[in-house]
Amino acid sequence: MTAVPILMYHSVTDRPAPGTRALSVPTAAFADQMAHLAAHGYNPIPFSSCLEDGMSLRSGRDAHERPVVITFDDGYADFHENALPVLERHGFAATLFVTTGWLADAGGDAAGRPLDRMLSWAQVAEAAAHGIEIGGHSHSHPQLDQLGDRALREELVRNRGLLEERLGRAVRTMAYPFGYSSARVRRMAREAGYDTACAVANRMAAGAADPLAVPRLTIRATTGPGTFARVVEGRDIPLIFLKDRALTRGYAVVRRTRYALRRTLVPQRDAPAGERS
Ligand SMILES: [Zn+2]
């Protein structure tokens, strides 16, 4: 069985904003991590190719090809400034999940509260032109599992529609903001036209993974070279990831319960798009 490590990045910068500090990776560390992948014969592939053309998460690829998926969430401006040049240098594929309402020149579509400087539409298009796969990440970055059906559908459809319209290419993959999803969110993601979606479960993606809840491994400010090497090898998932996984699971139960309570209390009302719970 070939498990494909799917790496989750956010910001790549030496000067992170307060809201992204824990999940940002310094520019030099990112360059070292990509150099490690190149030196050890890893083969980065776009997220969507994990699950298409017979490449199941099981064993579709020869293990010797060492497939790995590199993903970036939200669409920070530093992706263009600091990450893209490194990816280009190595000829690495990657997938960028964009929150359309956060983009620097979202204009009348602006929604939500970006955590740092964001990409412009021209920069997203430039990344796409350079072979970066663009995926959805909701329109305003809400906790999707906490939204009513109407607002949830709006977040998914508006995000995908804007990306397809502005980039002129099909968008069939997405990542859930905060990694939060539920059976209802996954069903509506499929209805909105997504074939694959990323969660954040901090374990390797293996054969049984739901294509609409593919787990990723968080790379963060404190991920050192030794940890990174072990994570991409998948031989040994370090303790920090196991601890995160336990927290993620426990919290999912709390969140499902909270949503069920909200539905019971206000069964008729859909939350407006962009509302944060
Ligand atoms: Zn996000």
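The figures follow:
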{"read-out": "Charge sum, other residues only, whose C-beta stays under 13 Å from TYR9's C-beta, Lys/Arg counted +1 and Asp/Glu -1", "value": "-1"}
{"read-out": "In Hz, Karplus ³J(HN,Hα) per residue of segment 148-162 (6.51, -1.76, 1.60; θ = phi - 60°; x = Gly, Pro)", "value": "x, 4, 5, 5, 5, 4, 4, 4, 6, 6, 5, 4, 5, x, 5"}
{"read-out": "For segment 81-147, accessible area per residue (1.4 Å probe, heavy atoms of protein chains only), Å²", "value": "34"}
{"read-out": "Amide H partners (placed H, <5 Å) of GLY136, local residues excluded", "value": "VAL98, THR173, MET174, ALA175"}
{"read-out": "Where labels lie 7 Å past Cα in the beta-carbon direction, separation of HIS40 and GLU126 in nm", "value": "3.2"}
{"read-out": "Proximal charge balance of ALA104 [Cβ under 11 Å; K/R count +1, D/E count -1]", "value": "-1"}
{"read-out": "Amide H partners (placed H, <5 Å) of GLY148, local residues excluded", "value": "ALA271"}
{"read-out": "Segment 125-203 and segment 73-103: distance between their alpha carbon centers, rounded to Å", "value": "16"}
{"read-out": "Qualifying trypsin sites (Lys or Arg not before Pro) in segment 83-183, DSSP loop, other Cβ atoms within 10 Å at most 15", "value": "ARG117, ARG169"}
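The values are calculated or read from the model by the stated rules, or taken from the named source; none is laboratory data. As the structure is a computational prediction, the values presented were derived from the model and not from experiment. Quick reminder, even Gly has a Cβ in these numbers, built from the backbone with ideal geometry, and neighbours come from all protein chains shown. SASA here: full protein model, heavy atoms, side chains in, ligands and nucleic acids out. Shrake-Rupley method; radii C 1.70, N 1.55, O 1.52, S 1.80 Å.
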